[in-house]
Amino acid sequence: MTLHTMRLLLMLALTMVLQGCATVRHPVAQDPLESVNRTVFEFNDAVDRAVLKPVATAYKMALPSWTRRGINNFFANLDDIWSAANHAVTLRGQAFGDSVGRVMVNTTLGMGGFIDVASDLNIQRQRASFSTTLGKWGVGTGPYVVLPLLGPSTLRGVAALPVDRRGNLVNQVTDEGTRTGLTVVDLVDTRATLLDAEGLVNGAALDRYSFIRDGYLQRERYQVYDGNPPDEEPEEP
């Protein structure tokens, strides 16, 4: 997707938000922008159905599972590097050690990260983004937001987005063609991994928007509190 095309899609999403929002009478506390978010969600869903899902389906059909698994492992290995950096600044020694260990093992024994040897050695992946880091520093999530093309986030996640983009090693590749190619492959591969789960979501959820929102917010809390969140929300958004 070219920058020009992305700009056109973002302009279309903004037009839909301004013209097509239906007010939600009683939005939940963490989603005061629900009427806007639902409009953006519908836009993203339409783009996904028209473009991303068909490409991801073709990708899954064209490549054998071991090839797709290797591609997924490669990008996960890059993510582990950024996770290690976030664990370091939050002084999470065990998580930092595990992430560094994963990168070292998978990059060397795992042929550049294409084979996940670390998981076989029971070195578990512990993901962390700069949004997670901000949460550990006491920054609240803020309201839930749905970003055009990028999907679910929170106000904290939006604030962290520029730093997370810089921390993505793919964005550090100097050659524009290579960088764009890697970004597209990562996006398509990620979407392909969600194809099977999509059927479960559609079958289980009466309201896909609420189902995805609640799951996303729960995952955010889970990561900030290392899998042991308090019984009640520590703050109001």
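Since only 126, 188, 201 are under comparison, the one whose Cα sits farthest along the positive direction of the charge dipole of the chain, derived from C-beta charges on Lys, Arg, Asp and Glu, is 188.
Per-residue packing, averaged as other Cβ atoms within 10 Å, sorts the ranges 169-176, 88-95 into the order 88-95, 169-176, beginning with the highest. By the count of neighbouring beta-carbon atoms within 10 Å, fewest first, 69, 165, 156 end up ordered 165, 69, 156.
So what is the calculated 222 nm ellipticity per residue for the chain, using -39500 (n - 2.57) for each DSSP H run with n of 4 or more, over all residues, to the nearest 500 deg cm²/dmol? Display every interim value, and only then the final one.
Values: 11 runs with 152 residues, N = 237.
Computed mean residue ellipticity for the chain: -20500 deg cm²/dmol.
Treating r as the C-beta distance of residue 65 and residue 219 and R0 as 35 Å, the FRET efficiency rounds to 0.85.
Quick check on packing: order 142-150, 60-68, 207-215, 99-107 by the mean number of other C-beta atoms within 10 Å, highest mean leading. Present the calculation step by step, with values, prior to reporting the outcome.
Numbers: 142-150: 18.8, 60-68: 11.7, 207-215: 15.0, 99-107: 21.0.
Highest to lowest by the protection proxy: 99-107, 142-150, 207-215, 60-68.
Inter-label distance, residue 58 to residue 127: 2.7 nm, where each label sits 7 Å from its Cα along the C-beta direction. Taking a point 7 Å from the Cα of residue 163 along the Cα-to-Cβ direction, the residues of the stretch 119-146 with backbone N closer than 14 Å to it are 128-141.
How many angstrom lie between the C-alpha centres of the stretch 124-174 and the stretch 28-105? Result: 11 Å between the Cα centres.
Bear in mind these aren't lab numbers, they're just calculated from the coordinates by the rules spelled out. All values reported here derive from a predicted model rather than from experimental measurement. Using ideal geometry, Cβ is built from the backbone for each residue, glycine included, and neighbour counts are taken over all protein chains shown.
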